[in-house]
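Below is one structure, written out as C-alpha cells; comments come after it.
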Amino acid sequence: MNILLLGSGGREDALAWRLRQSPSCATLIAAPGNPGIARWAECIAINPSDGAAVVALAQERDVKLVVIGPEAPLVAGVADACRNAGIAVFGPSAAAARLEGSKGFTKELCERARIPTAAFVRARTVDDALAALDRFGLPVVIKDDGLAAGKGVTIAATRAEAEAAVRAAGDTELVIEQFLDGEEVSLFALVDGSHAVVLASAQDHKRVGDGDTGPNTGGMGAYSPAPVLTPELEQRAMNEIVLPTARALAAAGTPFNGVLYAGLMLTADGPQLIEYNVRFGDPECEAIVPRIAGDFAALLYAVATGGEFSAPELSPQAAMTVVVAASGYPGDPARGGPIDGIATAERIDGVRVFHAGTAAHSSGALLAAGGRVLAVTALGDTLADARDRAYQAVDAIDFPDGFCRRDIGWRQLERDHAA
Ligand code: AMP
Ligand code: GLY
C-alpha cells in the first residue's frame, strides 16, 4: 500500500525509516518531511495541518494509510478530514485529541472515570486561580489549559511564586493541581476504540542540562524500555488509566484511534496520570521504533482500520536516543551550522542518526535548521551498551554549533550499576 506520513521531525524520520522497511509499504510519501526522511520517502511540501491539502494529496497518490506524527494536525482535525474522505488514518479525531489539546478536558474525564491523577481545579480568571491556590499545599503546579509545548507548566515552591505565575498568565484558562512526588515514566499504547495494547515504555529527559538542570525542552534524550515501569506497574497503568480512558472516549462517541502516550508519575500509591499526548513522543519514538519487530506498516494499518491487532513483539535490546541540539536551544537556536560525519556515525553497529531539524543546502551540505537537530539512536544488549554506542556516534559527528546532554539514562544506569 501507499502511505503518507505527516510531519518533519526526528520522530517522523524514525517512523519513515521503519515504515520503509515494512513489507506492506509500497510507496512512502512524507509531507513536508526533512532531509533525513528524504532517505526513505518522497517529500512533498504541503502544510500537514491543512486537511483539504492532505486529502487531495492522498487521493492523487492512491494512499491507503495516512500516519500523523505531530499533534498540531490532530488538534486541527486532519484525521477527521481523512476519515470523512474514506482514507484510513492512524491518529485520533480532533474530539479525541482534546486529551492533549485541553488539560481541563482530560482532568474532567479522569474525574468521571476515577482515573488516578493529581487533584485539580480549573480556573478561568486570575481571581479564581488565586482562590484555588488556597486548596493546595506547596509545591503547587500551575498549567496553561492548551498546547504549550511543555512550556506552560510552573511548579511553584512558594505561595509568592504561585501567585506570580497566576498573575503572569492573566485571565486565561488554567489548571491548578496538586504536586505529585515520584519518578516520571512514559507508557505508549496502541488504541482503537475500547481496545488498547501496550506498545512500549520509555523515559524522556526534559531539562536542557546534565543532572536535569536548566529550562524545559521538548526532550533531550530518551531510552526504552524503562524498567522502572515493572510489568506489574505497567498492567496497573493499563487497567487503571489507559483502558478506562479509551472506554470513556468510546462511550462518549469520540473513540480514540492511534497511539496514546501516557505521562505517568510513579507515586507511593501507584501510577498516576500527569498528562496525555495523542501521538508518539519525540524523542521517545526514536528509541521505541528500532525495538519494534515485524511489519510496522501493517500494524498501524490494523489499528487505523479497526482490524485485529495485539501488542507487537519488541527486541530484547535496549535503545537510547541522544538529542543533539543547536546552541541557544531551547531559546533562540543558532541556525545554518554545518553538520558532517553522519555516515561515519551510522557505521557503528546498531546506530541510526535521525534528522530532527536539518536542511539540505544546494551545495549538498547539511545544515542545522531547528532547535533539536539530530536524534542519535543506538541499540545495545544493555542500556550501558546502547549508551556507549550512542555517545560514540555523537562524537563521530562534526557539528560545531551542536551540544547534547552527556547523562541520558542516568537514573536507570545508576540502578543497573547498583544491582
Ligand atoms: P505536562 O505539560 O503536564 O507534561 O507537565 C510538564 C512537566 O511538569 C511534567 O513532565 C512533570 O515533570 C511536571 N509536572 C506536571 N504536573 C505535575 C504534577 N502534578 N506533579 C509534579 N510534577 C508535575
Ligand atoms: N518528549 C515529550 C513529548 O514528545 O511531548
- Item | Percentage, to the nearest whole number, of Cα pairs in the range 217-279 over 17 Å apart | 48 percent
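Under unit Cβ charges (Lys, Arg +1; Asp, Glu -1), what dipole magnitude, rounded to 20 debye, does the range 70-199 have relative to its Cα centre?
Values: 13 positive and 19 negative charges, 47 e Å.
Its charge dipole is roughly 220 debye.
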- Query: Hey, how much of the P(r) for the range 24-140 falls beyond 24 Å, as a percent of Cα pairs?
  - Reply: 45 percent
- Taking only the C-alpha atoms, wrap a convex hull around the range 171-323 and report its volume per residue in Å³ as a whole number. 140 Å³
- Item | Dipole of the chain, positive direction: furthest Cα of 396, 101, 273, with charges on the beta-carbon | 101
- Item | Charge sum, other residues only, whose C-beta stays under 13 Å from residue 138's C-beta, Lys/Arg counted +1 and Asp/Glu -1 | -3
- Task: Give the residue from 70, 380, 328 lying farthest towards the positive end of the charge dipole for the chain; charges sit on Cβ (+1 for Lys and Arg, -1 for Asp and Glu) and the dipole is referred to the Cα centre.
- Result: 70
- Tell me, rounded to the nearest percent, the portion of alpha carbon pairs in the range 1-67 spaced more than 13 Å apart. 55 percent
- In debye, nearest 20: dipole of the range 334-398 around its Cα centre with unit charges on the Cβ of K, R (+) and D, E (-)? 300 debye
- Average projected area [Cα convex hull, the range 73-213], square nanometres: 10.5 nm²
- Item | Geometric extent, Cα atoms of the chain - Rg, Dmax (angstrom) | 20.7, 61
- Radius of gyration and Dmax for the range 87-150's Cα atoms, expressed in Å? 14.3, 50
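Relative to the Cα centre, what is the charge dipole magnitude of the chain, using +1 at the beta carbon of each Lys and Arg, -1 at the beta carbon of each Asp and Glu, and rounding to the nearest 20 debye? Intermediate results must be reported in sequence, preceding the final value.
Numbers: 35 positive and 52 negative charges, 102 e Å.
That gives a dipole near 500 debye.
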- Item | Helical mean residue ellipticity (222 nm; -39500 (n - 2.57) per DSSP H run of 4+; nearest 500) of the chain | -8000 deg cm²/dmol
- Note on the structure: Exposure proxy check on 111, 234, 284: fewest-to-most Cβ neighbours within 10 Å is 111, 234, 284
- Note on the structure: Quick calc of log₁₀ I(q)/I(0), the range 254-345, Debye, one scatterer on every Cα, no solvent, q values 0.16 1/Å, result -0.99
- Query: Alpha carbon centre of the range 87-106 versus the range 358-403: separation in Å?
  - Reply: 32 Å
- Message: Give me Rg/Rg_expected for the range 248-298, where Rg uses Cα atoms only and Rg_expected = 2.2 N^0.38 Å with N residues.
- Response: 1.44
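Values quoted throughout were computed directly from the atomic coordinates according to the rules given, and no laboratory measurement underlies them. Remember, it's a predicted structure, so these values are computed and weren't measured experimentally. Neighbour counts run over all protein chains shown; Cβ positions are idealised from the backbone, glycine included.
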